[in-house]
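Below is one structure, written out as structure tokens, with a few remarks after it.
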Amino acid sequence: MKVLVGYSADSGGTEALALGLLMARAGSGSLVVCTIVPETWGHPSMARVDAEYAQFLDQHAQKALEKARLQVGGKVPADYVCKSASAVREGLLEVAAREAADCVVLGSARGAPRGHIRAGSVNTGFLHTAPVPIALTPRGYAPEPSTRLCRVTCAVSPAPESMQTVRTAHQLCGRMKVPLRLVTFVVRDRQMYPTGAGYDVENLVANQWRAQGTEGQNRIIAALPPEPKVTAGIADGKSWKAAFESVAWKGGEIMAVGSSNLGPLLRVFLGSNATTIVRHATVPCLILPRHAA
């Protein structure tokens, strides 16, 4: 498994590289650590300002990659790449295609709340165009050196569309040699002003959704190969925070969510449901492209 890490010499880059290491080690794979720098002007100036600027960018990139080398050490095979591009998204997409990367890992925006994920401008662009899974790290993500990837949790709904997402997650788990857990979220949002149906009816609907979720999970598990192992659970709470806290999360765990059906085939497109899950997640999230069924 080849993991491409979009790296910058800041906390976001360090966090992304930590997750990339975790995934590469689990899959007995390798890393490509990539720093993107702006393209310089194509027409040299008389004062050689363009050459000085290009030299400055190269020195900055090499210092960043040297920092990455120290973090990786000899834990996994790794290549270190500096790519000039007009935009970070275009540069990473080109490197991902050239290196045949199986996954791209990015850090959260600097303004993200600690322990949570927020997509910055680079991540948002990637989440609408990438042809490979995109992993995002919570701000402050720093697993212990002894931590190993131990499980992937896949968010599912009772809808048939979840089957393809689960199959993709199951295949990734097989490559990374970790078990898969299916989780359906039931959020009993008690707003100040409920619908005209009242809280009792809304709770009845939530219970029905929970029952359908359990039935859908059993149907999906029955259709999957026996390995890697698959378990299931319901995340039930009065809020998204409470729902996440209602199930146990391990230190070396990541969550997988599927792209919206409104997005293009073979591309990542984060819909409203997946966006809500990612925003409330306290573990790294893996967004899977939508595949042709």
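Pairing residues of segment 223-242 that are over 12 Å from P179 (Cβ atoms) and in the same structural domain as Q164 (by TED's automatic domain parsing) with residues that are among the basic types (K, R) and assigned to a helix (DSSP H, G or I), at Cβ distances under 6 Å and at least 6 apart in sequence or on separate chains, gives I234/R210. Assess whether A222 counts as being modelled with pLDDT of 90 or more and out of contact with any Pro (no Cβ under 6 Å at 6 or more places or on another chain). Answer is yes for this residue. The number of residues in segment 75-120 being among the charged types (D, E, K, R) and free of Cβ contacts under 8 Å to residues at least 12 places away in the same chain comes to 3.
Just a yes or no: is a residue in segment 159-169 at pLDDT below 80 and under 17 Å from the mean Cα position of the chain (by Cα)?
Taking segment 159-169 and keeping what is at pLDDT below 80, we get 159-161.
Those left that are additionally under 17 Å from the mean Cα position of the chain (by Cα): none.
Checking segment 159-169: not a single residue is at pLDDT below 80 and under 17 Å from the mean Cα position of the chain (by Cα).
Is there a residue being exposed (fewer than 13 other Cβ atoms within 10 Å of the Cβ) and either at pLDDT 90 or above or in a helix (DSSP H, G or I) (or both) anywhere in segment 252-270? Within segment 252-270, none of the residues are exposed (fewer than 13 other Cβ atoms within 10 Å of the Cβ) and either at pLDDT 90 or above or in a helix (DSSP H, G or I) (or both). Determine if segment 52-64 includes at least one residue that is part of a loop (DSSP other than H, G, I, E, B) and free of Cβ contacts under 8 Å to residues at least 24 places away in the same chain. Within segment 52-64 (the criterion being part of a loop (DSSP other than H, G, I, E, B) and free of Cβ contacts under 8 Å to residues at least 24 places away in the same chain), the answer is no, since none of the residues qualifies.
From the list S28, S84, the lone residue that is surrounded by fewer than 19 Cβ atoms within 10 Å (Cβ to Cβ) and either outside the structural domain of A130 (by TED's automatic domain parsing) or part of a strand (DSSP E or B) (or both) is S84.
If you check A100 against the conditions, is it exposed (fewer than 13 other Cβ atoms within 10 Å of the Cβ) and hydrophobic (A, V, I, L, M, F, W, C)? Here the answer is yes, as A100 does meet what is asked. Here segment 95-119 is the region considered, the condition is being basic (K, R) and closer than 30 Å to K241 by Cβ, and the residue that is modelled with the lowest pLDDT is R110.
With the structure loaded, tell me whether G74 is surrounded by fewer than 16 Cβ atoms within 10 Å (Cβ to Cβ) and out of contact with any Ser or Thr (no Cβ under 6 Å at 6 or more places or on another chain) or whether it fails that test. Working first, answer last.
Details: surrounded by fewer than 16 Cβ atoms within 10 Å (Cβ to Cβ): yes; out of contact with any Ser or Thr (no Cβ under 6 Å at 6 or more places or on another chain): yes.
Spelling it out, G74 is indeed surrounded by fewer than 16 Cβ atoms within 10 Å (Cβ to Cβ) and out of contact with any Ser or Thr (no Cβ under 6 Å at 6 or more places or on another chain).
Here A292 fulfils each of the conditions (1) more than 18 Å from the chain's Cα centre (by Cα); (2) among the small types (G, A, S); (3) at pLDDT 80 or above apart from (3).
Please specify each residue of segment 104-162 satisfying the condition of being of a type in the set (D, E, K, R) and in a strand (DSSP E or B). Step through it out loud before you land on a result.
The initial filter retains those residues of segment 104-162 that are of a type in the set (D, E, K, R), namely 110, 114, 118, 139, 144, 148, 151, 161.
R114, R139, R151 - these are the residues of segment 104-162 that are of a type in the set (D, E, K, R) and in a strand (DSSP E or B).
The values are calculated or read from the model by the stated rules, or taken from the named source; none is laboratory data. Treat the numbers as computed from the prediction; the structure is a model and nothing was measured. Reconstructed Cβ throughout: ideal geometry from the backbone, glycine too, with neighbour counts over all protein chains shown.
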